[in-house]
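The values are calculated or read from the model by the stated rules, or taken from the named source; none is laboratory data. Keep in mind the model is a prediction, meaning the values are calculated, not measured. Please note: Cβ atoms are built from the backbone with ideal geometry, for glycine as well, and neighbour counts cover all protein chains shown.
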Amino acid sequence: MQKNPRVEEILASYNYQPHFLIAIMQDIQAEYKYLSQEKLEYVAEKLGLSIAKVYSVATRHHDLHFAKYQ
């Protein structure tokens, strides 16, 4: 998986702590306007969480988006 410097900055700002997952995803979405599969997989790997857990949390929050808005 390719390293993403901006996502790394966001993760580092939360000290790679899994309990900040929602805030991390909100910050990534604020930067990129949506959550791509690649970025969610990267976050899961860096936080030591399963991709299923990350998607489960993300889908419960209606303010998080998976599709790029035109």
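Considering only residues that are in contact with a Leu (Cβ under 7 Å, 6 or more places away or on another chain) and not aliphatic (A, V, I, L, M), look in the range 1-24 and name the one that is farthest from Leu64 (Cα to Cα). Even if it seems obvious, please write down each step before you answer.
So in the range 1-24, the residues in contact with a Leu (Cβ under 7 Å, 6 or more places away or on another chain) come out as 16, 18, 21, 24.
Next cut, not aliphatic (A, V, I, L, M) only: 16, 18.
Working: Tyr16: 20, Pro18: 17 Å.
The extreme case among them is Tyr16.
Using the structure shown, decide if Glu9 is acidic (Asp, Glu) and modelled with pLDDT of 95 or more. It would help to see each step written out before you state the result.
Numbers: acidic (Asp, Glu): yes; modelled with pLDDT of 95 or more: yes.
In short, yes.
Only residues in the range 2-25 that are over 19 Å from Val57 (Cβ atoms) and in contact (Cβ under 8 Å) with a residue 60 or more places away in the chain count as the first member; pair them with residues that are of a type outside the set (Phe, Trp, Tyr) and surrounded by 13 or more Cβ atoms within 10 Å (Cβ to Cβ), Cβ under 7 angstrom, at least 6 apart or cross-chain, and list the lot.
Matching pairs, first to second residue: none at all.
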